[in-house]
Every structure is written in structure tokens, then in C-alpha cells.
Amino acid sequence: MKKDLVKNNLLLHFVVIILGFTAILGKLIELPAVELVWYRMMIAVVALMFFILIFKQSFRLPPKSVFMLALIGIIIAAHWICFFYAIKVSNVSVTLGCLSVTTLFTSFLEPLINRKKISILEVIIGLIIILGIYIIFRFETRYVAGIIFTIICAFLASLFSVLNKKIALKYEPNITTVYEMFSGFIVVTIFLLITKGSSAFVPAPTWSDLVFLLILGVICTAFAFSATVKIMQKLSAYQVVLAINLEPVYGIIAAYFIFGESEHMTTEFYIGASIILLSVILYTFIKNRNRQETQLN
């Protein structure tokens with residue numbers, strides 16, 4: 001039992017490092033954001049289909065669940081487009097630093113969707129997070145577009161996470177993920193056909209882009225998404241959320257060493273990002289302690 005716990009925790013942090021590396025790949029890949037997401041979802045679908053056929057898993061799901069997974073997949077696609085666009089117009093540090101506001105949106109969306117009472121603690125933490133965003137906004141005016149798209153990205157991440165929690169854990173991770181990736185891929189394809197036409201659909205990637213896209217689609221998408229769902233079946237929500245909160249830390253540190261000067265930010269940025277990150281960690285810690293006290297009583 002203890003051995004399995006250690007194994008799952010190690011896998012969780014490995015997945016978080018992979019997720020942090022996603023932003024770096026987004027910076028390295030030269031393709032525009034929408035085309036990048038199109039390739040990412042296509043590669044993820046192919047990889048997942050391979051795994052499903054190898055393990056002889058069934059695609060059968062109730063029609064209502066298929067519809068919900070398809071809707072979540074569209075939200076994921078929109079989230080990724082905003083995410084990669086934010087990286088293109090700003091940098092990895094700004095995008096990952098501001099992405100921590102996902103917790104703020106979740107604190108309001110989860111009670112709203114699940115019809116629960118909004119917590120005073122969550123409101124207070126939310127106000128602290130807003131303070132952190134304000135500091136970043138004020139001193140990083142050159143990256144305003146990136147910050148705005150990251151905030152939209154964080155809202156969409158929160159929305160699909162809350163919806164995913166209600167349905168994805170009921171079924172095999174590979175199956176739910178392939179439905180989500182396929183629906184997102186179809187919608188992005190339709191969008192590109194409408195906006196660009198079939199003659200200039202998507203540019204062929206360079207060899208370096210192709211390598212990065214394969215890493216992004218297979219490891220950072222197919223594997224990471226399926227592994228996260230599987231981990232959530234074994235570990236508590238607190239453990240998962242706390243680890244995922246470290247994604248910006250891993251990503252910003254890696255970006256600093258890989259991209260150098262372009263990732264050097266003002267002192268005020270790191271103050272604002274630290275306020276956001278620490279408030280998120282404090283929130284998950286207090287929530288877990290309150291839950292344990294309730295169980296003891």
C-alpha cells in the first residue's frame with residue numbers, strides 16, 4: 001500500500017513537470033497557436049487510439065456522456081489556443097505565472113455548477129490572487145495581451161476541470177481523453193476550414209517542429225491527460241491540486257535556463273507571481289485541514 005502511494009506521488013510530480021514543459025514547447029514551436037493545437041490534438045488522438053487498440057478497451061459510453069466529453073473537448077481546445085497564443089505574444093514566465101488564477105475561477109465555478117455555497121475563505125483567497133494579478137499588470141505593461149489571454153485560458157481550464165471531474169473519473173482514462181481530444185480536433189479543423197479554406201489549411205511543420213509536436217502530442221497530452229485521470233482515482237484531490245500548483249514553478253525555472261534573457265522579468269512580476277502561487281498553496285492547505293477536522297468530528 002505504501003509502495004503504491006510513493007509510486008503514484010512520483011508519477012504525479014513527473015506529470016506536473018511534463019505539464020510545465022508544455023509551455024516551453026509552445027515557445028519552441030514556430031507554428032501559430034491554432035495550427036499548433038490542431039496538430040497537438042491530432043497526434044494525441046492517434047496515440048490514444050493506438051493505446052486503446054493495444055489494450056482492447058471498449059469505446060462504448062452512454063450517449064449523454066459522449067456529448068458531455070465532446071463539449072469538454074471543445075473547451076480544452078479553446079483553452080489551449082488561448083494558452084499558446086499568450087506564450088507567443090508574451091513569454092513562458094508571464095503565462096505560467098498568471099495561469100495560477102485557475103484556482104480563483106474554480107472557487108466560484110465549482111459551487112455554481114454543483115450548486116454549493118460559496119466559501120468565505122475562497123473569496124478572501126480570490127481577492128489576494130487579484131492583488132497578485134494587479135501587481136503583474138501594473139509593472140508588466142508590455143505583456144498586457146499575454147496576461148489577458150492567460151486569464152481567459154485560466155477560466156476555460158477551470159471550467160473543463162470542474163466538468164471533467166463529474167464525468168471523466170467514471171470511465172477508463174484513455175477512452176474519456178480520446179473523446180475529448182477528437183471533438184476538439186474536429187472543431188479546430190472546422191474553424192481552420194472556415195477561416196483559411198482548404199487550399200491553405202495548415203502549414204507543414206519543420207522537422208524541429210515535428211519532433212516538438214510529437215513530444216507535445218504523445219507525452220504532454222495523451223500520456224499526461226490519461227495519467228492525471230488515473231492518479232485522481234488513487235490519490236486525494238488535495239494531493240493532486242497541491243502538486244499541480246507547482247507547475248508554474250517548474251516551468252518558469254526551466255524557461256529561465258532555456259530561453260535566458262527573454263524570460264528575465266521585473267522584481268515586481270516575481271512578487272505578484274509569488275503572491276498568486278502562495279495563496280493557492282495556502283488555500284489547498286487550509287481546505288485539506290478543514291476537511292480532516294470535519295472527518296474527525
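Taking R0 as 41 Å, what's the FRET efficiency between Tyr134 and Ala204 from their Cβ-Cβ distance, rounded to 0.05?
Working: r = 43 Å, r/R0 = 1.04.
With a Förster radius of 41 Å, E is 0.45.
Using only Cα atoms, figure out Rg for the chain and give it as a multiple of 2.2 N^0.38 Å. Please report the intermediate quantities before stating the final value.
On the way: Rg = 19.0 Å, N = 297, 2.2 N^0.38 = 19.1 Å.
Normalised by 2.2 N^0.38 Å, the Cα Rg of the chain equals 0.99.
Do you know the relative contact order of the chain, to the nearest whole percent, from alpha carbon pairs under 8 angstrom that are 6+ apart? Don't jump to the answer; show the numbers that get you there.
Values: 364 pairs, mean separation 112.9, N = 297.
Relative contact order here is 38 percent.
Positive end of the charge dipole of the chain (Lys, Arg +1 and Asp, Glu -1 on Cβ, about the Cα centre): tell me which of Met42, Phe67, Val15 has its Cα farthest that way.
Phe67
Top mean-square fluctuation among Phe185, Phe212, Phe59, Gaussian network model of the chain, C-alpha springs under 10 Å?
Of the options given, Phe59 has the highest mean-square fluctuation.
When the chain is modelled as a GNM with alpha-carbon springs shorter than 10 Å, which of Ile147, Ile276, Ile125 fluctuates the most?
Fluctuation is largest for Ile125.
Grab the beta carbon distance between Arg142 and Leu53, set R0 = 45 Å, and tell me the FRET efficiency rounded to 0.05. Provide the component values of the computation, followed by the final result.
Working: r = 48 Å, r/R0 = 1.07.
That pair, Arg142 with Leu53, gives E of 0.40.
If you put +1 on each Lys and Arg Cβ and -1 on each Asp and Glu Cβ, how big is the dipole of segment 1-105 around its Cα centre, in Debye rounded to 20? Let's see the in-between values first.
On the way: 9 positive and 3 negative charges, 86 e Å.
Dipole magnitude for segment 1-105 comes out near 420 debye.
Under 15 Å from the Cβ of Ile18, count the other residues' Cβ atoms, weight Lys and Arg +1, Asp and Glu -1, and hand me the total. Please report the intermediate quantities before stating the final value.
Values: positive: Arg40, Lys230; negative: Glu247.
Net charge in that neighbourhood comes out at +1.
Place a +1 charge on the Cβ of each Lys and Arg in the chain and a -1 charge on the Cβ of each Asp and Glu, then give the dipole magnitude about the Cα centre in debye, rounded to the nearest 20. Present the calculation step by step, with values, prior to reporting the outcome.
Values: 23 positive and 14 negative charges, 234 e Å.
Dipole of the chain, to the nearest 20 debye: 1120 debye.
A short reminder: the numbers here are calculations on the coordinates, not readings from a lab. In this text the structure is predicted, and so the values were computed from the model without any measurement. As a convention, Cβ positions derive from the backbone with ideal geometry for all residues, glycine included, and neighbour counts pool all protein chains shown.
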